[in-house]
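Engineer: Right, I'll just put the structure down here and ask away after.
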Amino acid sequence: MNKKGLLVVVSAPAGCGKDTILKYAFGVCSNLHYSVSATTRQPRPDEEEGIHYFFKTREEFKQLIEADELLEYTEYAGNYYGTPRDFIPKLLDEGKDIVLKIEIEGAANIRRLFPDCVLVFILPPSFAELENRLQKRGTETEETIRRRVDIAKVEMFSIKNYDYVIINEKLENAVEDFAAIIQAEKLSIKRGIPVIE
Ligand code: 5GP
């Protein structure tokens, strides 16, 4: 039986409720672990170093790139984001399932590096609702909100490259959908045929 962990890449426009869905999904699906990214974005009030991100200056981030310590990286809404290289292969070998919360370009790069990863896209019920949620969150300026909604509209065109899409209209349903995807993927024959006595 293939004991390697499952690599799940989740992309979602900012404000789609991705973090909330995943928070509850982690309670339902045992064995999930986050890959913590590095970023040059400023921490939000509730964010902690090493838990939500490794917060870096632009200079420090460039050093990570030069030292080849990132599996992939991109610039998004004026900041750099990147996935540390070490963590993923090690955890997959230990049989742990990993969730990466990254944008579409990073997701495509991860698929090239790990062809059997699972790509999940989360959508808001509408763009108006997306803008509304970003306004309510109150962590971004008007300009950043507009920028993020514009990016979301472009990101939509990449859905065809994903394996699954979840529409986050109702949180409970979205969490159930996510858990169902994980469950189905873990039972998939393509991940190894069990041998029974
Ligand atoms: P936020 O600033 O809202 O935390 O993240 C902005 C965007 O960057 C989100 O779409 C998030 O998924 C993405 N992101 C976070 N970490 C990474 C990463 O390591 N690599 C890539 N490519 N995107 C990331």
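Engineer: Report, by residue number, each residue of the range 23-52 that is farther than 26 Å from E142 by Cα and either surrounded by 13 or more Cβ atoms within 10 Å (Cβ to Cβ) or within 13 Å of the chain's Cα centre (by Cα) (or both).
Structural biologist: Correct list: K23, Y24, A25, F26, V28, C29, N31, L32, H33, Y34, S35, V36.
Engineer: Counting only residues that are of a type in the set (G, A, S), give me the helices (runs of 4 or more DSSP H) lying completely in the range 113-197 with at least 2 of them.
Structural biologist: Helices (runs of 4 or more DSSP H) meeting the threshold: 171-187.
Engineer: I'm checking my understanding of the structure. Among residues of the range 10-22 that are modelled with pLDDT of 95 or more and either under 17 Å from E185 (Cα atoms) or in contact with an Asp or Glu (Cβ under 7 Å, 6 or more places away or on another chain) (or both), which one is surrounded by the fewest Cβ atoms within 10 Å (Cβ to Cβ)?
Structural biologist: L22
Engineer: Another question, then. Can you find, within the range 58-68, the residue that is nearest to the ligand (Cβ to nearest atom) among those that are charged (D, E, K, R) and over 15 Å from T40 (Cα atoms)?
Structural biologist: D68
Engineer: May I pose another question? If I filter the range 158-178 down to residues being buried (at least 18 other Cβ atoms within 10 Å of the Cβ) and more than 18 Å from P115 (Cα to Cα), which single residue comes out as modelled with the lowest pLDDT?
Structural biologist: Ranking the qualifying residues of the range 158-178, first place goes to N168.
Engineer: If you go through the range 37-57, how many residues are charged (D, E, K, R), assigned to a loop (DSSP other than H, G, I, E, B) and away from the ligand (no atom under 11 Å from the Cβ)?
Structural biologist: Counting residues in the range 37-57 that are charged (D, E, K, R), assigned to a loop (DSSP other than H, G, I, E, B) and away from the ligand (no atom under 11 Å from the Cβ) gives 3.
Engineer: Give the residues of the range 1-34 that are part of a loop (DSSP other than H, G, I, E, B), more than 8 Å from the ligand (Cβ to nearest atom) and small (G, A, S), sorted by residue number.
Structural biologist: G5, G15, G17, S30 - these are the residues of the range 1-34 that are part of a loop (DSSP other than H, G, I, E, B), more than 8 Å from the ligand (Cβ to nearest atom) and small (G, A, S).
Engineer: Filter the range 70-102 for residues that are assigned to a helix (DSSP H, G or I) and more than 12 Å from the ligand (Cβ to nearest atom) and give the result.
Structural biologist: Scanning the range 70-102 gives P89, K90, L91, L92, D93.
The values are calculated or read from the model by the stated rules, or taken from the named source; none is laboratory data. Since we're looking at a predicted model, the values are computed, not measured. Using ideal geometry, Cβ is built from the backbone for each residue, glycine included, and neighbour counts are taken over all protein chains shown.
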